[in-house]
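Peer 1: Can you read through this structure? Questions will come right after.
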Amino acid sequence: QWDPMITTLPGLYLVSVGAVKPAAWLFGWTGSMVCSAAMLRFINLLFSAGNFYLLYLLLSKIHQKNKAVSGFQRILSTLTLAMFPTLYFFTFLYYTDPGSVFFTLFAYLMCLYGNHKTSALLGFCGFMFRQTNIVWTVFCAGNVVAEKLNEAWKTELQKKKDEKISSRKGSFSDLIRILQFLIEYVMSPKNLVSLTALTWPYIILVTVFFVFIFINGGIVVGDRSSHEACLHFPQLFYFLSFTVFFSFPHLLTPTKIKKKSLQKHPVQYSLIAVISLFLIWKFTYVHKYLLGDNRHYTFYVWRKVFQRHELVKYALVPVYIFAGWSFADTLKSKSIFWILMYFICLLAVTVPQKLLEFRYFILPFLIYRLNIPFLSLYRQLLELAFYIVVNAVTFYLFLNRTFQWPNSDEIQRFMW
């Protein structure tokens with residue numbers, strides 16, 4: 001039976017049938033056992049094990065040139081990411097998140113190894129779990145494009161013998177030169193043909209996605225009234241705050257806090273502050289679920305922080321600016337083209353969402369974390385310990401602090 005309120009495609013349910021039907025036939029299990037909550041949740045435990053292995057392979061691939069990182073540190077970092085609280089909690093429930101993460105990370109890994117047809121196929125599987133995962137298919141294609149752009153940019157610099165310009169510098173003049181280079185590169189038919197030849201599997205999948213949008217009349221299936229797209233720009237600020245909270249060993253180091261970057265560029269940061277205030281003023285949306293469902297952490301974050309006073313959302317702008325600067329600073333080892341591709345995908349996956357929901361931040365967070373440099377062993381252990389504490393508190397609240405709504409006899413539980 002299909003509940004008309006379900007808004008995602010049936011990827012999780014198809015995988016479940018594909019896993020439990022053969023098991024039922026092999027072991028002679030009855031229908032009540034096969035379709036029990038425990039058996040269905042077990043599917044996500046399988047995905048979770050797969051995610052652990054994929055995270056390890058991705059860390060090894062992305063940081064393969066970093067010989068200073070020990071095998072133990074790689075495993076420790078993998079364990080930390082596998083225990084990332086928002087994802088870890090839903091591993092034990094029948095939600096789409098573990099499977100969605102599995103196929104997206106698998107597609108990303110295949111992309112890094114140059115298996116683009118396999119990557120696009122896995123991207124389709126991820127799309128069947130959650131429609132917004134099409135953004136990460138675009139990200140995989142963007143990885144290929146960013147690599148080619150970076151190679152061409154380096155060649156351009158060698159031709160001009162201008163060592164002062166770098167694809168990793170942040171000055172305004174460098175940015176103008178890079179934009180000019182991008183326009184010239186894209187205007188070349190030869191370059192476009194070359195990029196199309198490399199990314200055609202992703203182009204086909206994105207085309208299929210747009211056909212789906214046309215036939216379906218939108219990205220959402222099921223209950224569309226509660227999932228309307230809008231330009232909710234503060235979602236980016238919420239994501240940056242969320243990332244600072246869960247990556248504080250990376251983002252809140254004494255060196256970063258002491259840096260005078262904000263003081264060195266007062267005009268740029270003042271302009272960013274004004275733009276941020278405007279975006280918060282004009283584009284803040286509050287979803288009915290956020291205000292009406294007191295089972296979720298976001299309800300209490302909104303009530304305890306944002307609803308204290310009308311000016312709180314504006315007063316947090318300095319926090320958002322620091323979070324954004326620190327976030328960008330940790331990505332400085334990546335090329336400007338990679339950062340641009342990631343940022344575009346980050347905007348595409350967060351801004352259209354009206355509902356503030358921490359689960360929507362899982363994939364952009366993991367991809368960010370996979371691509372930033374390794375920490376010292378002490379800071380890695382601190383991050384892992386923090387995740388364990390957050391998970392323990394969340395599970396304690398979920399299991400032991402149950403409550404009931406006045407108009408319902410069902411037991412309610414606190415959760416992400």
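The values are calculated or read from the model by the stated rules, or taken from the named source; none is laboratory data. Quick caveat: nothing in here was measured; it's all calculated off a predicted structure. Please note: Cβ atoms are built from the backbone with ideal geometry, for glycine as well, and neighbour counts cover all protein chains shown. Each accessible area value is taken on the protein alone, full model and side chains, heavy atoms only, with ligands, DNA and RNA left out. Shrake-Rupley method; radii C 1.70, N 1.55, O 1.52, S 1.80 Å.
Peer 1: Grab the helices (runs of 4 or more DSSP H) fully contained in the range 326-416, keeping just those with 1 or more residues being aliphatic (A, V, I, L, M) and free of Cβ contacts under 8 Å to residues at least 60 places away in the same chain.
Peer 2: 336-350, 377-400
Peer 1: Scanning for something open to solvent by less than 50 Å² (accessible area, probe 1.4 Å), at pLDDT 95 or above and touching a Lys or Arg at 6+ places or on another chain (Cβ under 7 Å), does the range 113-125 turn up at least one residue?
Peer 2: no
Peer 1: Among the candidates Pro4, Pro22, single out the residue that is at pLDDT below 85 and exposed (fewer than 15 other Cβ atoms within 10 Å of the Cβ). Even if it seems obvious, please write down each step before you answer.
Peer 2: On the way: Pro22 fails: at pLDDT below 85.
Checking each option against the conditions leaves just Pro4.
Peer 1: Out of the residues in the range 389-411 that are hydrophobic (A, V, I, L, M, F, W, C) and open to solvent by 80 Å² or more (accessible area, probe 1.4 Å), state the one that is farthest from the chain's Cα centre (by Cα).
Peer 2: This residue is Ile411.
Here's the yes/no breakdown for (1) crowded, with 21+ Cβ neighbours inside 10 Å; (2) within 19 Å of Ile367 (Cβ to Cβ); (3) without any contact (Cβ under 8 Å) to a residue 24 or more places away in the chain:
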{"position": "Gly28", "(1), (2), (3)": "no, no, yes"}
{"position": "Leu79", "(1), (2), (3)": "no, yes, no"}
{"position": "Leu87", "(1), (2), (3)": "yes, yes, no"}
{"position": "Phe92", "(1), (2), (3)": "no, no, no"}
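Peer 1: Please report, ordered by residue number, the helices (runs of 4 or more DSSP H) entirely within the range 127-224 with at least 2 residues that are at pLDDT 90 or above and open to solvent by 30 Å² or more (accessible area, probe 1.4 Å).
Peer 2: It comes to 134-160, 189-216.
Peer 1: For the range 9-20, does any single residue satisfy the condition of being aliphatic (A, V, I, L, M) and either without any contact (Cβ under 8 Å) to a residue 12 or more places away in the chain or under 30 Å from Ser376 (Cβ atoms) (or both)? Give the derivation first.
Peer 2: Within the range 9-20, the first condition is being aliphatic (A, V, I, L, M), and the residues that meet it are 9, 12, 14-15, 17, 19-20.
This time we only want the ones that are either without any contact (Cβ under 8 Å) to a residue 12 or more places away in the chain or under 30 Å from Ser376 (Cβ atoms) (or both), so: 17.
For the range 9-20, residues aliphatic (A, V, I, L, M) and either without any contact (Cβ under 8 Å) to a residue 12 or more places away in the chain or under 30 Å from Ser376 (Cβ atoms) (or both): present.
Peer 1: So if I check each of Leu356, Leu375, which one is more than 18 Å from the chain's Cα centre (by Cα), modelled with pLDDT under 95 and under 16 Å from Thr243 (Cβ atoms)?
Peer 2: Matching residue, one of Leu356, Leu375: Leu375.
Peer 1: Output the number of residues of the range 30-48 satisfying the condition of being among the hydrophobic types (A, V, I, L, M, F, W, C) and surrounded by fewer than 14 Cβ atoms within 10 Å (Cβ to Cβ).
Peer 2: Final tally of qualifying residues: 3.
Peer 1: Of the residues Arg295, Arg303, Arg308, which single one is of a type in the set (D, E, K, R), in contact with a Lys or Arg (Cβ under 8 Å, 6 or more places away or on another chain), open to solvent by 40 Å² or more (accessible area, probe 1.4 Å) and farther than 28 Å from Gly71 by Cβ?
Peer 2: Arg295
Peer 1: Also, quick follow-up: Which of the residues spanning the range 357-384 are among the aliphatic types (A, V, I, L, M) and open to solvent by 50 Å² or more (accessible area, probe 1.4 Å)?
Peer 2: Leu377, Leu381, Leu382
Peer 1: Can you give me the number of residues within the range 49-67 that are open to solvent by 30 Å² or more (accessible area, probe 1.4 Å) and within 21 Å of Gly126 (Cβ to Cβ)? Talk me through it step by step, then tell me what you get.
Peer 2: Applying the first criterion (open to solvent by 30 Å² or more (accessible area, probe 1.4 Å)) to the range 49-67 yields 49, 52-53, 56-57, 60-62, 64-67.
Still in the list and also within 21 Å of Gly126 (Cβ to Cβ): 49, 52-53, 56-57, 61-62.
Here the count works out to 7.
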